[in-house]
Amino acid sequence: MTEAVLDRPAPGDKTAGGDAAPRRRDRRATLLELSGVSVSFDGFRAINNLSFQIGEPELRAVIGPNGAGKTTFMDIVTGKTRPDTGRVTWGERNVSLLKMSESRIAREGIGRKFQKPTVFEAQTVRENLAMALRNPRGPLDVLLHRKSAAGARRIEEVAHEIGLAEHLPRIAGELSHGQKQWLEIGMLLAQDPRLLLVDEPAAGMTPAEREHTTDLLKRLAERHAVVVVEHDMEFVRRLDCKVTVLHEGSVLAEGSLDHVTANPQVIEVYLGR
Amino acid sequence: MIRSLVRDTPSIPWFLGILAAFCLGVTLLSEATGTGALSTSFVKTLGKTLCLCLVAIAMDVVWGYCGILSLGHMAFFGLGGYAIGMWLMYARTEIIVAESLASATIPPTPQEVEDAIATQIFGVVGSNEFPWLWAFADSFVLQLAMVVLVPGLLALVFGWLAFRSRVTGVYLSILTQAMTLALSLYLFQNDSGLRGNNGLSGLQNLPGLGAVPQSVVSITFFWASALALAAGYLLFAWVVSGKMGSVIRGIRDDEARVRFLGYHVEGFKLFVFTLTAIVAGLAGALYYPQAGIINPAEIAPIASIYLAVWVAIGGRGRLYGAAIGAAFVSLLSSWFTGGGAPDIDLGIYEIRWTDWWLVLLGLSFVLVTLYAPKGIGGLVDLIAERRAPRRTGDVGPDAGALRKTEAAE
Amino acid sequence: MCRALILLIISALVGLAAPRADAQSGTLQDILQTHAGEVADPGRRTVGPLMEDLAGSGLPGVARFLERWSDKQVVRNTGDGLFYYGTEDGDGYALADIATDEPAGRAAADAIEEIRPNGGVRRVIAGALVQFQLSDPDRAARVAALDAIARRPAADQLEPLRASIPDEPDPALRARKDRLANLLTARFGADTETRIAAIERLSDAIDLETRAGLSQILSAERGVAVNLPADANVARVLEIGSDLSEADAYSQLVEADLAPPPVTNAGIREALAGAMAGGRVGGVPRADLSDPAARTRAYAALAEAGTVPPLVTPEDRAVAVADHVFYELYNEPDPAVTDAASAALAEVEARVGRHQVLDLGLDAISLASIYFLAAIGLAITFGVMGVINMAHGEFIMIGAYTAYVVQTIVPNYTLSLVVALPLAFAVAFGAGVALERLVIRHLYHRPLETLLATFGISIALQQLAKNIFGTQARPLTAPGWLDGAWVLNDVVAISNIRIAIFALALVFLAVLLLILKRTRLGLEVRAVTQNPGMAGSMGIDPGRINMLTFGLGSGIAGVAGVAIGLYAQVTSEMGANYIVQSFMTVVVGGVGNVWGTLAGATLIGGLQKGIEWFNPSNTLAAQTYMILFIILFIQIRPKGIVALKGRAAGD
């Protein structure tokens, strides 16, 4: 029933067929735009007149020293933090995200992977993925939810993608740190958002896993908007995408990695202290 | 559906089987239907205990599964009792009044009958008029609806206010405790319309069934309580299994993460809070006709805290644990406080259990929290493990207590 | 007549300042002998010169003589012709000297002539006596006289009172005499102008006597008539519905014999029951009588037959009420006076209202002090450790019982209090540290479990206290210097104990701020509050900080217990009575902040007193509404008044 429509194949998933999504996917249509956003905590300006936009599909890396406001930026987009001033608009009809609750924003199609893997450790890998699966989210929908073959297939696919197919019945808390990272990425995939906010995906991964992550992110970016926050320059270089440098809550430079690393201000910020 | 429910919650056949065997046993030993080895008052105690098990299961869902330590569910329980008690008291008084007025020279007008009932019921608080609260007291069906509506609406409004402002954790517990306190203080007033601290009494006398002996009434209520408990167990097993269970346990463990997955956390909490409040109200409506009397002290915050104690001792996060805890502690408590336990003479000091039981309960509760967070239910794990060793490791006291043996989407 | 006589006396008494030499002819007996005829058979008109001389003599025994004379205890011994105080003693009289009240032998009954002043004379005597009492050298006697006048003001007290004012040495009493004289003038003054002037002078008062006096001038009685009386001083006309219900109005008509008494439903039933014959009454069968309309029909039939009074229908009643006017009439006939009095009373009431607000403010502050003391320990432990201690109330109880035990050992109340305060702190501190080490330490990061475990401790401790000290309340007696109250006027007063508790709260506020802001411990506590992980990595031992913090919080609870025990009683449940309010204080104020707790305590204390003021009879309702308010308050400020902001606040 509804699942057949909603349960679309993962974008970039080679095993799946074509793009069945009913959405418009103009090249480079602006999906998310922040303009003039500021927020301060107890007088400290975490974000200062930040403007940022990303199209769909696009891969973007956000870098910056500690305290540059990377996490706060994600908090603002996902609705966890309300900015003091500025606008955050979303989608083709430029709706404002500022009035929406976190869960509403997530349902609009913004998914987030946290820096520290936050999976439901007391539940199995399968339950974790099932919870993230794109389905109606209301309490009654959930209560009356029936398992479907399509849903089970989708979970298998995602699990295969993240290399946890063998581990579906295991309790998530028993997984290794890297596996939890993958599970969290898998939950993001299962959620099937339009915009993926990925915070330090490669932390705690082996080189092989990093490569896998890079490939995955690049493939995802063929159909989705993906924002990757990362410290590891090598990882960013391999992503091979436009880079935004944040410093003291606003954009310091934007462009290719080579371009921004040649910027004297960026060098100053990264190496000057 | 049933099959997957049983697969998700393997305790269902066990629980229902043991409950059925217990009911049969009590029926065979009761005064009305069996040998009479169990006194009517003990059958009533057992029936009441089943109601307490039901409210404990509801508490376990809201606390053990959804992570909301509500200190208000005994208030919902009491409200259910008040709602049904109003009808019981009204209808019975109506019969008495009708009898006494029937012999008068002039047959009474409806107004006179109502005034006489009001005087009879509210004489103790110096009033002779029906408060607006009693507008539906003459209708069994409407009062039965109140059993569901009053706790349900209160939980809905309170929960909406509390969850909306993102009050969580101990804050929420304190807020629910405050709500409970406010309610009991309100009911303690004589002009609350519910007879102040006199409460409602004589509830064990069912209107129109004056000829039926209490022994029959008691075993009937016992069975009704058992059926309600079984139905409640199935209902909650269904709620906490499958995807709903997954989401509400997710809310307990990491509310923000569930929110970022797109679930409206407040809606889920409100659903669980209200549903359990309604079940608590129903349990109360079955409990108080067996207890015979309800007064505001039954609603005081301490009662709700004891409810949490039962669930904790029985083992949170497993429905049968809550039921075991409620039955075990409440029966033990009445054994000790009722003077059933033999006093211990230490020579210099005699330990009278009526005095020392609460000290023992308090301390053993601390010990359970510290050293046996799985509660009595943890014993079941030990047995199950001996029979079929787990393949997977433990994930800490809390998470471990909540694990499901067989989970599948 | 009487008034003229009193004026005469007064003029004599005014002369007290310059005693007339000619009247000073020796002893009291001498004076009485001079006017022996008037003493033995006093007449209202003739007694004047005697009173004049008595008043002018300045002798100490005059007041006593006047009292006894009036009480018919003065006798004349026909043997020696002297006056004595005599009491009947068997068949004779025991005599006492008229000047000294020393026993002066006995006399046979036939030798004694009893003296019985008549009512008129006694009134004259009483007037003079008041004057004596008002000028009595003993202050207590003067106060008693003033009290007596205030209790039962009468016209003839005015002049003596006024006369006694210039010689009053005590300024406070003099002010009171002034006020009372004004009050008497206002009520009994000679003419309208004097009275209005006196009333206007009263309008800046606040005391109960003045308020009572003014309302007495304004006392009114209800009346009913077809037309409003023309020449009466009408207080107000009562509107049916708003001032007076129709039923009350009708019963007033019945009382005034202006309308027939209504037949009650019970009356109808009795009448019908009485007239029941052969299963019918008034032509209506018995079975139909459960219908009110049928009853009316049956009764109407009886009324037509003349056996019962006719039914007064609601329409009849409405017409009767509408045909009359209901009003209140002042007992005071002069409208100018009542107008002035009501204006003055309004002014006084407004002032009383303002002072009541002030008094309420003081009450609220003292309640807030108690909540602050009870809650601050909780706030500290909650803020620093994220731990809700349900046994906090039992630490309050421990402190109070400690003070009780100290008091049973140290009999001196002041000394025992001095010993009890630090000891209560120490005992509760120790209990707190023990609880932290044995239980709470193992439950960090599991706040709900801590809540429940400490609840277990709480019920165990409560029951333990019951087992040791019994269930009855134990008194904690305050030392004498804490009894009594600081009284500003009749409206504003606050007991010394509450002032002491306020001071205690201030001291603890200062000490806590000092510890938190100025000491190494405070720095570490703040560090742990804000970021335990970081503090730990910087070499602060969070375990030690937690232990000390918990001890400190518990210790303050112990001191709060002593304070609460002083004005309430010490029971095993006293802590439980404060725990919810303490939680509310912490929640409303904001976690982990001394100022937040202060703000929360002030808000809760003020709110509770405020609600009680609106609904003074019902403290239960006050608490109910307060909790409802707090639930709503949380909606507006979920993190309390003083909230930690930013990322440190956590989620």
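Below are the figures for this structure:
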quantity: Yes/no for B:Glu129 being more than 25 Å from B:Leu209 (Cα to Cα) and charged (D, E, K, R); calculated: yes
quantity: Residue match in region B:29-51 (condition: closer than 30 Å to B:Leu183 by Cβ, within 14 Å of another protein chain (Cβ to nearest Cβ), at pLDDT 95 or above and in a helix (DSSP H, G or I)); calculated: no
quantity: Residue match in region B:103-122 (condition: in contact with a Ser or Thr (Cβ under 7 Å, 6 or more places away or on another chain), free of Cβ contacts under 8 Å to residues at least 12 places away in the same chain and of a type in the set (Ser, Thr, Tyr)); calculated: yes
quantity: Members of region A:73-115 that are among the polar types (S, T, N, Q) and either assigned to a helix (DSSP H, G or I) or away from chain B (no Cβ under 11 Å) (or both); calculated: A:Thr81, A:Thr85, A:Thr89, A:Asn94, A:Ser96, A:Ser103, A:Gln115
quantity: Those residues of region B:1-21 which are in contact (Cβ under 8 Å) with a residue 40 or more places away in the chain, away from chain A (no Cβ under 14 Å), not small (Gly, Ala, Ser) and not in a loop (DSSP other than H, G, I, E, B), in sequence order; calculated: B:Ile12, B:Trp14, B:Phe15, B:Leu16, B:Leu19
quantity: Hey, B:Tyr287 touching a Cys at 6+ places or on another chain (Cβ under 9 Å) and either closer than 26 Å to C:Glu449 by Cα or assigned to a helix (DSSP H, G or I) (or both) or not; calculated: yes
quantity: Elements of type helices (runs of 4 or more DSSP H) in region C:528-625, at least 3 residues being among the hydrophobic types (A, V, I, L, M, F, W, C) and touching an Asp or Glu at 6+ places or on another chain (Cβ under 7 Å); calculated: C:542-567
quantity: Index of the failed condition, C:Glu328 passing every other in (1) among the charged types (D, E, K, R); (2) at pLDDT 85 or above; (3) more than 30 Å from C:Arg498 (Cβ to Cβ); (4) part of a helix (DSSP H, G or I); calculated: (4)
quantity: Residues (within 12 Å of chain C (Cβ to nearest Cβ), surrounded by fewer than 20 Cβ atoms within 10 Å (Cβ to Cβ) and of a type outside the set (Phe, Trp, Tyr)) located in region A:33-72; calculated: A:Ser40, A:Asp42, A:Gly43, A:Arg45, A:Gly67, A:Thr71
quantity: Region C:444-470: number of residues that are in a helix (DSSP H, G or I) and either at the interface with chain B (Cβ under 7 Å from one of its Cβ atoms) or of a type in the set (Gly, Ala, Ser) (or both); calculated: 16
quantity: Candidates B:Ala303, B:Ala277, filtered to the one that is surrounded by fewer than 24 Cβ atoms within 10 Å (Cβ to Cβ) and within 13 Å of the chain's Cα centre (by Cα); calculated: B:Ala303
quantity: Hits in region B:233-256 (condition: surrounded by fewer than 21 Cβ atoms within 10 Å (Cβ to Cβ), free of Cβ contacts under 8 Å to residues at least 40 places away in the same chain and assigned to a helix (DSSP H, G or I)); calculated: B:Ala256
quantity: Search result, residues across region A:30-46 that are small (Gly, Ala, Ser) and farther than 26 Å from A:Val95 by Cβ; calculated: A:Gly43
quantity: Any hit, region B:353-361, residues being within 27 Å of B:Phe22 (Cβ to Cβ), without any contact (Cβ under 8 Å) to a residue 12 or more places away in the chain and either within 12 Å of chain C (Cβ to nearest Cβ) or of a type in the set (Phe, Trp, Tyr) (or both); calculated: no
quantity: Yes/no for C:Phe429 being within 14 Å of chain B (Cβ to nearest Cβ) and at negative phi; calculated: no
quantity: Selection count, region C:286-325, where residues are charged (D, E, K, R), away from chain B (no Cβ under 14 Å) and either part of a helix (DSSP H, G or I) or within 20 Å of C:Gly267 (Cβ to Cβ) (or both); calculated: 4
quantity: Members of region C:245-265 found to be under 24 Å from C:Glu332 (Cα atoms) and either among the aromatic types (Phe, Trp, Tyr) or surrounded by fewer than 17 Cβ atoms within 10 Å (Cβ to Cβ) (or both), listed by number; calculated: C:Glu255, C:Ala256
quantity: Conditions (1) over 25 Å from the mean Cα position of the chain (by Cα); (2) modelled with pLDDT under 90; (3) under 30 Å from C:Val591 (Cβ atoms): number failed by C:Leu360; calculated: (1)
quantity: Residue that is surrounded by fewer than 17 Cβ atoms within 10 Å (Cβ to Cβ), outside the structural domain of C:Leu208 (by TED's automatic domain parsing) and touching a residue at least 40 places away in the same chain (Cβ under 8 Å), where the choices are C:Glu347, C:Glu270; calculated: C:Glu347
quantity: Selection count, region B:129-161, where residues are surrounded by fewer than 19 Cβ atoms within 10 Å (Cβ to Cβ) and not β-branched (Val, Ile, Thr); calculated: 18
quantity: Residues satisfying the stated conditions in region A:116-134, i.e. of a type in the set (Lys, Arg), more than 7 Å from chain B (Cβ to nearest Cβ) and in a helix (DSSP H, G or I); calculated: none
quantity: Residue identified as in contact (Cβ under 8 Å) with a residue 12 or more places away in the chain, buried (at least 24 other Cβ atoms within 10 Å of the Cβ), among the polar types (S, T, N, Q) and assigned by TED's automatic domain parsing to the domain that holds C:Phe633 among C:Thr571, C:Thr597; calculated: C:Thr597
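Quick grid of which residues meet (1) within 12 Å of another protein chain (Cβ to nearest Cβ); (2) not in a helix (DSSP H, G or I):
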position: A:Pro136; (1), (2): yes, yes
position: A:Arg146; (1), (2): yes, yes
position: A:Arg153; (1), (2): yes, no
position: A:Glu166; (1), (2): no, no
position: A:Gly173; (1), (2): yes, no
position: A:Leu188; (1), (2): yes, no
position: A:Gly204; (1), (2): no, yes
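Table: residues versus (1) outside any helix (DSSP H, G or I); (2) free of Cβ contacts under 8 Å to residues at least 12 places away in the same chain; (3) polar (S, T, N, Q); (4) not assigned by TED's automatic domain parsing to the domain that holds C:Ala186.
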site: C:Thr338; (1), (2), (3), (4): no, no, yes, yes
site: C:Ala343; (1), (2), (3), (4): no, no, no, yes
site: C:Leu378; (1), (2), (3), (4): no, no, no, yes
site: C:Met390; (1), (2), (3), (4): yes, no, no, yes
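Per-residue answers, yes or no, for (1) crowded, with 17+ Cβ neighbours inside 10 Å; (2) within 25 Å of B:Ala308 (Cα to Cα); (3) hydrophobic (A, V, I, L, M, F, W, C):
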position: B:Ile2; (1), (2), (3): no, no, yes
position: B:Trp14; (1), (2), (3): no, yes, yes
position: B:Ala21; (1), (2), (3): no, no, yes
position: B:Gly25; (1), (2), (3): no, no, no
position: B:Leu28; (1), (2), (3): no, no, yes
position: B:Leu46; (1), (2), (3): yes, yes, yes
position: B:Ala56; (1), (2), (3): yes, yes, yes
position: B:Val62; (1), (2), (3): yes, yes, yes
position: B:Leu71; (1), (2), (3): yes, yes, yes
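The values are calculated or read from the model by the stated rules, or taken from the named source; none is laboratory data. As the structure is a computational prediction, the values presented were derived from the model and not from experiment. We place every Cβ from the backbone using ideal geometry, glycine too, and count neighbours over all the protein chains shown.
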